[in-house]
Structures are given as C-alpha cells and as structure tokens.
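Everything on this sheet refers to the single structure shown next.
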Amino acid sequence: MTFIRSISGFRGTIGGEEGNNLTPPDVVRSTMGYGSWIWSAFHASEQRPRPVVVVGRDARPSGDMVQRLVTGTLMGMGIDVLDLGLSTTPTVEMAVMGENADGGIILTASHNPVQWNALKLLDGQGAFISAEAGAEVIRRSNAPMDFAPVEELGKVTPLTGWIDAHIQAILELELVDREAIASAGFKIAVDAVNSTGGIAVPALLAALGVDQVVELYCEPHGRFPHNPEPRPEHLKDLSQAVVEQGCHLGITVDPDVDRLAFVSEDGSMFGEEYTLVATADHVLAHTPGAVVSNLSSTRALRDVAARYGQTYTASAVGEVNVVAKMKDTHAIIGGEGNGGVIYPTLHAGRDALVGIALFLSLLAKRGGKVSELKASYPHYEMVKAKIDLDPNWDADALMHRFAEQQSHLNPLTVDGVKLDLESGWVHLRKSNTEPIIRVYAEAATQDDAMKLVETYRDELLALA
C-alpha cells in the first residue's frame, strides 16, 4: 500500500494505515495544504470575497468518498467549490479558465488500477501547479491550520455542461475539420475502461459527425474491465472488436481522458507513442512552429518536425515540465509519448479529446487506412520496463552513481539518466506517481530495444 506526495499531487491506495495510504485523514490534510496555498495567493474583492476552486473526478469507486472529503474540507476553509462531478482532467482544466476560478482539483489516479486515487492540483490558469508550488502545498499540508467560522464557510455549486462546452471549443478549432470527418463515414470502436471517457468520447464523436460507434466499456461505473493503462497488452478486446465489427479504427483513453491511443483497422496497435507524432504531423502541415516532448518519447516526433523544417526540444518527464518547455520555445504542439497531446491553441494540458479530433481530421483529409498512416512515419520500437523500488534504497543516490558510471556516454541528467546511443536510447528515472524506477528504451527493433533495457537495468541493479 502506498501514499506518494510529489509535484504530480497526492496519490495513493485507498484504505489501510493513515500516512501510508490515501486514507480520509490524508485526503483532508492534502486538501488543507492546497487550500492554504490557494488562500496565500488570493486577493479578496467585493465581487469575490473568497476563492473559487473547480473539482471534478473520474468514475473510480472511491471517487465519491474522496470528493466529499475534498469539497467539505474546502468549504471548511472558506473556499467556494464548483462541482463538476464526473468529468475529465482536460475538462476540469478548461473549466478553471472558463469560470475564472482560482484553481482546480481533479480526483483521479489516471492510469493506475482501481485501488488507487489521487488529487491532481491546478493553478488559476488551469495548468498543473509548478514544482515550487507543489513543495509549498506539501509543506502547508503538515502545518497547523485555521478554519472559517460558520458565517464564512464556503459553498458548493453543482456545475453541469462543461463536457459539452469542451467539445464545442474543439469543434471551433481551425484545424478540426468536422465536415471532412463526417464525410469520411468512419466506423470507430471505443474502449473507455468504464470511466468518464464513456461520457465524453462518444459525445465528441457524435458532434464530429461520426454516426457508427461501437462502444466497449463505456458505462462510467469505474469498475475497470482490464488494466486501465492504454498499453497493447491491455487492449485485446478493442483490437478484436475493430476487426470483427469492420471498424476503420479503435480509440481508447485512460480513466481521466488525458491519454489517448489508437488501434489500426487490422487490429494492430497504432502505438501510444505515435499518437503525438500523428497529431503533430497534422498541425505542422498547416502551422509552422516548434514541437516538444519529454525525454522518454519516441524519436519519430523529432524526425517529423525535421520534415517540416521545425525545431524539436525534449523536456523532463511530467506534464508540467513539458508545458514549461513549450512556453519557453513557443511550441505549437507538444506532449508525452504515453499518448498525451497538448495543443495550446485550446489549452495547455494533455487532452485526449482534442487529440481525437486532430487525428480524425488528418485521417479524413489524407485518406487511406490507419495502418498506412502509421507506415508513413519513421519506424522505431520501444520497450517500457520498470524496477520495483526496494524501501532500503536511496533511489536518488543510486541514479547518481549510475550516471557517474556512464559518464563516458555523456548522459543527460535533467530527469533521471538518459543515454543517447548510436543504436537508440535508454532512459532510467524514478517515477513521480509509483514506487518504481522506469526503464524505457527505443531502437530499430523490439529485440534491440529489449537488449538496451536489460543491459542498463542490470548495470543499475548492480549498483544497488
């Protein structure tokens, strides 16, 4: 059982011992830290005497309990809450901006299994809070706290309609071609892992004019039918449905709808790494500009940017780091190789819904099969492995020793250790969301990528 405090928010497993899991007292204290941080930056006025925070959640079974604890704590701190109920991470981000709120909390453990939940924290721009702000929230969560008297308690206001507003904003984007999508006559299978993607994705497809949708696991009751991370080994049902139902493609999202992956018409994986590659291809074909992804993402994005004569930059892993690098480079599209697409023309956050609309626009206008589109991009194979952290390890010291051992390869150490090699690359880093070290490698073949993983994983473990 686990409780993790990091720049990605407060994340843990439900139940168990206080302080070692995401128990009710841990939820309350985490919310207190965030609420205190919100108050520290708030300037009261006659029009707004107290802060406003947007709260939304995915469909996992613990969500209702966690949301009641979060909203009640914010009320007790004199903060008003706009309650979106079941929603998506990108929708909450857009609602923070659209409602001119002071922040937002998304209750989701993203790709983690059902026993997990988390508080993902947003600033007043609808973006994830910075590392510095995250450290301050953690500090405040452990400090004594004053609460509001009865006449100054916050209020909770249910807020409906933001998923529809999110979809409408996507339809209004210049690079989303609804007419071309509707005319293409797509038949699409959707696996939404019984979370809020089951609400948002079919609604988006209908708005885009797709009238043939095969729904798998789209009832948002939160009982995931398989591991919710959109990886090939978890998508066998979707792949089978695409082939058996004669679909043009399959779409899957994670429980909070910020990660996106596609299945080709023949049931093969388009690959979550290539989600960003394809959407960037569409954007760059119409709008010149820089692109960004994190250090663990495929080289194919760099290659596609080069086709258009545009600049590619890598950031540290983590959405907040990608967004910061995008701002620094004035990037027009970016994201992460886990299927996260960030299109700042809409908002500065990973958004599977805008990714779907951009991808379908590309496919409709270019024509051909999804497998043919995949074949048009540089081919790389990636292996994603992990090492479970031993509680007795000092992971940071271990990574430092590993970097020193590999100094002859000029390692990048902005986030873990990345080795750019002639045969490919390997990236080892401590996860922000799980008690593991991730080991990712990419090469021309799956065997070559696996050899890189095995070689450098063993070298790291030899130092433990």
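Read-outs: derived from the displayed coordinates by stated rules, not from any lab. Because the structure is a prediction, the values reported are computed rather than measured. With ideal geometry, Cβ positions are generated from the backbone for all residues, glycine too; neighbour counts draw on all protein chains shown.
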Violations at 32 Å Cα threshold for listed pairs Lys325/Lys384; Lys327/Lys418; Lys374/Lys451; Lys187/Lys386; Lys365/Lys418; Lys325/Lys365 -> Lys187/Lys386; Lys365/Lys418
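Taking a ≥ b ≥ c as the square roots of the Cα gyration tensor eigenvalues, with a/c under 1.5 meaning rounded and otherwise prolate when a/b beats b/c, else oblate, which class fits region 381-461? Numbers along the way, then the final one.
Details: a/c = 1.98, a/b = 1.34, b/c = 1.47.
Oblate.
Nearest-5 percent of antiparallel DSSP beta bridges in the chain? Write out the running numbers ahead of the final one.
Numbers: 43 of 75 bridges.
Here the antiparallel bridges make up roughly 55 percent for the chain.
Helix by helix, which DSSP H runs in the chain go 18 Å or more along their axis at the Cα atoms and have an average Kyte-Doolittle hydropathy of 0.0 or more? Walk me through the numbers on the way to the answer.
Working: long enough: 24-40 (24 Å, -0.20); 63-76 (19 Å, 0.41); 273-286 (22 Å, 0.38); 352-366 (21 Å, 1.75); 446-461 (22 Å, -0.76).
Answer set is 63-76, 273-286, 352-366.
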Each label sits 7 Å from Cα toward the beta-carbon; between Asp303 and Asn142 the label points are separated, in nm, by 4.7 nm
Computed about the Cα centre, the charge dipole of the chain from +1 Lys/Arg and -1 Asp/Glu charges at the Cβ has a magnitude in debye, to the nearest 20, of 260 debye
Between the modelled labels at Asp390 and Ala165 (7 Å from Cα along Cα→Cβ) the distance in nm is 5.2 nm
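Among 338-351, 232-245, how do they line up from the highest to the lowest mean number of other beta-carbon atoms within 10 Å?
My ranking of the peptides, most packed first, is 338-351, 232-245.
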Zone reached by a paramagnetic label modelled 7 Å from Thr287 Cα along Cα→Cβ, restricted to region 159-196 with backbone N below 16 Å, covers 169-178
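Among 147-154, 127-134, how do they line up by average Cβ neighbours within 10 Å per residue, starting with the highest?
Taking the mean over residues of other Cβ atoms within 10 Å, the ranking is 127-134, 147-154.
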Placing each pseudo-label 7 Å from Cα in the direction of the beta carbon, Glu132 and Lys236 end up separated by a distance in nanometres of 5.0 nm
Burial-style ranking of 112-124, 40-52, average other-beta-carbon count within 10 Å with highest first, yields 112-124, 40-52
For region 372-389, in residue order, the Karplus 3J(HN,Hα) values (coefficients 6.51, -1.76, 1.60; θ = phi - 60°; whole Hz; Gly and Pro = x) are 6, 4, 4, 5, 7, 9, x, 9, 9, 10, 10, 10, 10, 10, 8, 10, 5, 6
